[in-house]
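Visitor: Have a look at this one.
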Ligand code: AMP
Ligand code: MG
């Protein structure tokens, strides 16, 4: 690692320790030719550093949206200005979208019920409503009042009463979010409504950061937020495909699969990712709008990873799958020509059981784990090196579902 990289990592670790309560440290699994990663998966680069990689790639991280944004680009393409501007794009969105910032447009809209908004806020709201319709409301950006109720419940350590839940649920109809252009205005048709982009904002922010990199002439990059949302540009150096690793939903020191993909967005969701503890009982952070309660923690889908052309779509769909029954969820993604999913279910003996849509196929094994490939990226399928672990070295490997069970407090980035 360069002296700059070391200094940067030190700053990250210090700011993280200042910002977050202590967590259990977790050892990542060593892999043959992969250097031993540091112990804490959040306060460290979230990807293993393959030997020689640091000469060829530059990675920078910034604490944003309650998690780390991480941008990796080939060293030859790297400019400080381009990557700084990409981080700035994420920062700007967090200031607009965060429900933890009273001055954000999303917070002011919730307070006023009607607001002239920035073009990005109008855009993400329109996109989120389309995703809500596409998922039959499993993904619902109008769940703000219910999410706030659970946050308050955690703060006061008393679960919400059925009456409180019923009241909050009355104001969660995404069809009652009214959009107007020129001038750009969002208005709620119902009092008490509030938007929450926790399930799509990270992906959307990475898409915007990727646009900045492209405009700066960088067309190969891996952008990540919180280890659960990724946007991949182009392909890695001398490799046709990006190499992703899917974590075990409840044991962050274990992996369940590798996945080779091309450019696009990827996101992983799981109920175990972030949890609230109220009076000693654990509640998942993903809400089923039909009940206002966390989707059943015994949900048949343990973790859901979605690939889509952009990260915002992948992020919204991954969250939706956690709410949906597994077969219906896979069917939904199957009907979307441009999206694919790889889900992990819990077998009766407690072991992980993987299922994918038809666009993701299993191509052998790697380090005793199944290796999946996105078929529409034909370059990954061909001479991909499947089954030859020595070839899976030299490009960044992302571990999806990074922050699952990391002990993070419940938070709703980008907030
Ligand atoms: P993710 O980590 O992308 O799955 O997003 C989960 C976050 O989105 C939660 O922490 C909430 O802030 C918010 N959220 C919870 N349930 C839903 C839902 N059914 N639809 C949309 N957003 C949700
Ligand atoms: Mg999501």
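The values are calculated or read from the model by the stated rules, or taken from the named source; none is laboratory data. Every value quoted in this text rests on a predicted model; they were computed, and no experiment measured them. In this analysis, Cβ positions are derived from the backbone assuming ideal geometry, glycine residues included, and neighbour counts consider all displayed protein chains.
Visitor: Tally up the residues in segment 303-325 that are within 16 Å of ligand 1 (Cβ to nearest atom) and touching a strand residue (DSSP E or B) at 6+ places or on another chain (Cβ under 6 Å), please.
Guide: 16
Visitor: Follow-up. Residue check, residue 290 against (1) within 15 Å of ligand 1 (Cβ to nearest atom); (2) surrounded by 16 or more Cβ atoms within 10 Å (Cβ to Cβ), all met but one. Which one?
Guide: Going through (1) within 15 Å of ligand 1 (Cβ to nearest atom); (2) surrounded by 16 or more Cβ atoms within 10 Å (Cβ to Cβ) one by one, residue 290 breaks only (2).
Visitor: While we're here: Going through segment 106-116 one residue at a time, which ones are surrounded by 22 or more Cβ atoms within 10 Å (Cβ to Cβ) and more than 22 Å from residue 288 (Cα to Cα)?
Guide: Result: 109, single match.
Visitor: Looking at segment 125-184, which of its residues are away from ligand 2 (no atom under 16 Å from the Cβ), part of a loop (DSSP other than H, G, I, E, B) and surrounded by 22 or more Cβ atoms within 10 Å (Cβ to Cβ)?
Guide: Listed by number, the list holds a single entry, 172.
Visitor: Quick one: in segment 273-287, which of the residues that are touching a residue at least 40 places away in the same chain (Cβ under 8 Å) and out of contact with any strand residue (DSSP E or B) (no Cβ under 7 Å at 6 or more places or on another chain) is farthest from ligand 2 (Cβ to nearest atom)?
Guide: For segment 273-287, the residue satisfying everything is 279.
Visitor: Also, quick follow-up: Got a sec? Which of 331, 298, 340 is assigned by TED's automatic domain parsing to the domain that holds residue 208, surrounded by fewer than 24 Cβ atoms within 10 Å (Cβ to Cβ), at pLDDT 95 or above and more than 11 Å from ligand 1 (Cβ to nearest atom)?
Guide: Working: 298 fails: at pLDDT 95 or above; 340 fails: surrounded by fewer than 24 Cβ atoms within 10 Å (Cβ to Cβ).
Every option except 331 fails the conditions.
Visitor: Is segment 187-197 home to any residue that is assigned to a strand (DSSP E or B), away from ligand 1 (no atom under 11 Å from the Cβ) and surrounded by fewer than 23 Cβ atoms within 10 Å (Cβ to Cβ)?
Guide: yes
Visitor: Next question, about the same structure. Looking at (1) in a loop (DSSP other than H, G, I, E, B); (2) buried (at least 19 other Cβ atoms within 10 Å of the Cβ); (3) touching a helix residue (DSSP H, G or I) at 6+ places or on another chain (Cβ under 9 Å); (4) modelled with pLDDT under 95, which is the one condition that is false for residue 46?
Guide: Single failed check for residue 46: (3).
Visitor: Might you check whether a residue that is within 30 Å of residue 166 (Cα to Cα), more than 15 Å from ligand 2 (Cβ to nearest atom) and assigned to a helix (DSSP H, G or I) occurs anywhere in segment 319-326?
Guide: yes
Visitor: Among (1) within 16 Å of ligand 2 (Cβ to nearest atom); (2) at pLDDT 85 or above; (3) surrounded by 20 or more Cβ atoms within 10 Å (Cβ to Cβ), where does residue 414 come up short?
Guide: Here residue 414 meets the rest and fails (2).
Visitor: Would you say residue 219 is surrounded by fewer than 22 Cβ atoms within 10 Å (Cβ to Cβ) and touching a strand residue (DSSP E or B) at 6+ places or on another chain (Cβ under 8 Å)?
Guide: Yes, satisfied.
Visitor: How about segment 213-301: which strands (runs of 3 or more DSSP E) wholly inside it have at least 3 residues that are more than 24 Å from residue 369 (Cα to Cα)?
Guide: 221-225, 275-278, 281-284
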